[in-house]
Amino acid sequence: MKMDRIMLKLSGEALAGDKKTGFSADVVKDVARQVKAVHDKGIQIAVVIGGGNFWRGRTSDDMDRVKADQIGMLATIMNCIYTADTFRSVGLKCHVMTPFLCGSITELFDRDKAIGYLEAGDVVFFAGGTGHPYFSTDMGMVLFSIEINADVILAAKSIDGVYDSDPEENPDAKKFDKMKMQDIVDKQLKVIDLSAAVLANDNKMPMMLFGLNKEDSIVKTVSGEFTGTTITV
Ligand code: UDP
C-alpha cells in the first residue's frame, strides 16, 4: 500500500480511553508520539476526528436534528483543537481547518492551502465534519481524503478490525484481514457510514482499520506490522 500521504481518522471514543467520554490525556499523548514517529518517516499526515466522546447528533431524538448535528460538528472541533495542541507539544506543526468560519480559532478549509501545508510537512486537521448536518465524520474523512489525494485512510477505532459479528456479543466472531469496500456497501456493514463507503468505493480510496488501544498500532500500520482489516477498492 502506497503511504506517502495518509488520512488518520480517530474516533472520538478512542480518544477518551477507558473513561468513554471527554479526553484521556495519556491516550492523546501516545497518539502524538506515534504520529511524530510516522511523520519522521517522511509521511504526510492529515487528521479527522469524530465527536462521539462528547456528542452524537443522530441519537438525540428529542431535539431538532440540524441543531443536534451542529453541536456534534462543534464537538469534533474541540477534539481537533485539543489533539493538535498535544501534537504541537511533541514538535509537530499543525493547522486546524473547518468548512465554516470559526473566527480566529480555525482556518477556513482551502484544498490547495491544505495540500501546501502537507507538502511542507505540517499536519492538517479537518475539523467540523463536512459542515453539514445529516453527515458524519466518516463522510468528512472520505471526502477530504479524496480532495487532498491521500493514498489511504488509516481508521483508528476502539475495535481492532472488521468482524463477521459483534465480538462483544459473540466470542466466536471472526476478524477479516482483508475485505472489499464493495462488500461493505452491498452488505451494509456498519464499519463506516454507508454513504461514506459508497464515496470511497466510487473514488478508489482504500482504508485500513485497526484498534487504537493496541500498542504502537499507528506506527505498526505504516511499517508493515498491520494486524487490523484492510479494505480494498
Ligand atoms: N456531524 C454532522 N456532520 C458532519 C460530521 C459530523 O452533523 O459532517 C455531527 C453528527 O451529529 C455526528 C457528530 O457530529 O453524530 C459526531 O460525529 P461522528 O462522525 O463522530 O458521529 P458518531 O459516529 O460518533 O455519531
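The values are calculated or read from the model by the stated rules, or taken from the named source; none is laboratory data. The structure presented is a predicted model; accordingly, all values stated were derived computationally and were not measured. Cβ atoms come from the backbone with ideal geometry, glycine included; neighbour counts cover every protein chain shown.
Does region 115-125 contain at least one residue that is modelled with pLDDT of 95 or more and within 12 Å of the ligand (Cβ to nearest atom)? Walk me through how you get there before you give the answer.
Within region 115-125, the first condition is being modelled with pLDDT of 95 or more, and the residues that meet it are 115-125.
Applying the additional criterion that residues be within 12 Å of the ligand (Cβ to nearest atom) yields none.
Within region 115-125, not a single residue is modelled with pLDDT of 95 or more and within 12 Å of the ligand (Cβ to nearest atom).
Restricting to region 189-209, what's the tally of residues that are part of a loop (DSSP other than H, G, I, E, B), at pLDDT 95 or above and of a type in the set (A, V, I, L, M, F, W, C)?
Here the count works out to 1.
Confirm whether ALA68 is within 13 Å of the ligand (Cβ to nearest atom), part of a helix (DSSP H, G or I), among the aliphatic types (A, V, I, L, M) and modelled with pLDDT under 95.
yes
Residues that are closer than 24 Å to LEU143 by Cβ and touching a Phe, Trp or Tyr at 6+ places or on another chain (Cβ under 6 Å): does region 41-61 have at least one?
Yes, region 41-61 contains at least one residue that is closer than 24 Å to LEU143 by Cβ and touching a Phe, Trp or Tyr at 6+ places or on another chain (Cβ under 6 Å).
So which residues in region 129-139 are within 20 Å of GLU107 (Cα to Cα) and more than 6 Å from the ligand (Cβ to nearest atom), if there are any at all?
Within region 129-139, just GLY131 meets the criteria.
Given LYS214, LYS178, LYS174, which one is surrounded by fewer than 18 Cβ atoms within 10 Å (Cβ to Cβ) and under 18 Å from LEU10 (Cα atoms)?
Numbers: LYS178 fails: under 18 Å from LEU10 (Cα atoms); LYS174 fails: under 18 Å from LEU10 (Cα atoms).
Only one candidate qualifies: LYS214.
Does PRO206 satisfy the condition of being without any contact (Cβ under 8 Å) to a residue 12 or more places away in the chain and not polar (S, T, N, Q)?
Numbers: without any contact (Cβ under 8 Å) to a residue 12 or more places away in the chain: no; not polar (S, T, N, Q): yes.
So PRO206 does not fit the description; no.
Is it true that some residue in region 75-86 is under 25 Å from LEU199 (Cβ atoms), near the ligand (Cβ under 8 Å from one of its atoms) and out of contact with any Ser or Thr (no Cβ under 7 Å at 6 or more places or on another chain)?
The answer is yes; a qualifying residue exists.
Scan region 14-37 and give yes if some residue there is free of Cβ contacts under 8 Å to residues at least 60 places away in the same chain, in a loop (DSSP other than H, G, I, E, B), away from the ligand (no atom under 16 Å from the Cβ) and of a type in the set (S, T, N, Q), otherwise no.
yes
Looking at region 42-65, which of its residues are within 12 Å of the ligand (Cβ to nearest atom), within 17 Å of ALA127 (Cα to Cα) and not in a loop (DSSP other than H, G, I, E, B)?
VAL48, ILE49, GLY57
Does ASP216 meet the test of being in contact (Cβ under 8 Å) with a residue 60 or more places away in the chain, more than 25 Å from THR130 (Cα to Cα) and in contact with a strand residue (DSSP E or B) (Cβ under 6 Å, 6 or more places away or on another chain)? Walk me through how you get there before you give the answer.
Numbers: in contact (Cβ under 8 Å) with a residue 60 or more places away in the chain: yes; more than 25 Å from THR130 (Cα to Cα): yes; in contact with a strand residue (DSSP E or B) (Cβ under 6 Å, 6 or more places away or on another chain): no.
So ASP216 fails the test.
Could you grab the pairs with beta carbons closer than 8 Å, sequence gap of 6+ or different chains, first residue in region 118-134 and closer than 24 Å to HIS39 by Cα and among the acidic types (Asp, Glu), second one assigned to a strand (DSSP E or B) and more than 16 Å from the ligand (Cβ to nearest atom)?
Pairs found: GLU119/GLN44; ASP122/CYS94; ASP122/HIS95.
Looking only at region 183-199, which residues are more than 16 Å from the ligand (Cβ to nearest atom) and in contact (Cβ under 8 Å) with a residue 40 or more places away in the chain?
None - no residue of region 183-199 is more than 16 Å from the ligand (Cβ to nearest atom) and in contact (Cβ under 8 Å) with a residue 40 or more places away in the chain, so the list stays empty.
Which condition number in (1) in contact with a helix residue (DSSP H, G or I) (Cβ under 9 Å, 6 or more places away or on another chain); (2) assigned to a helix (DSSP H, G or I) is the one that GLY129 fails?
Of everything listed in (1) in contact with a helix residue (DSSP H, G or I) (Cβ under 9 Å, 6 or more places away or on another chain); (2) assigned to a helix (DSSP H, G or I), GLY129 misses just condition (2).
Could we say that VAL142 is under 24 Å from ALA200 (Cβ atoms), away from the ligand (no atom under 12 Å from the Cβ) and either in a strand (DSSP E or B) or touching a residue at least 40 places away in the same chain (Cβ under 8 Å) (or both) here?
It is false that VAL142 is under 24 Å from ALA200 (Cβ atoms), away from the ligand (no atom under 12 Å from the Cβ) and either in a strand (DSSP E or B) or touching a residue at least 40 places away in the same chain (Cβ under 8 Å) (or both).
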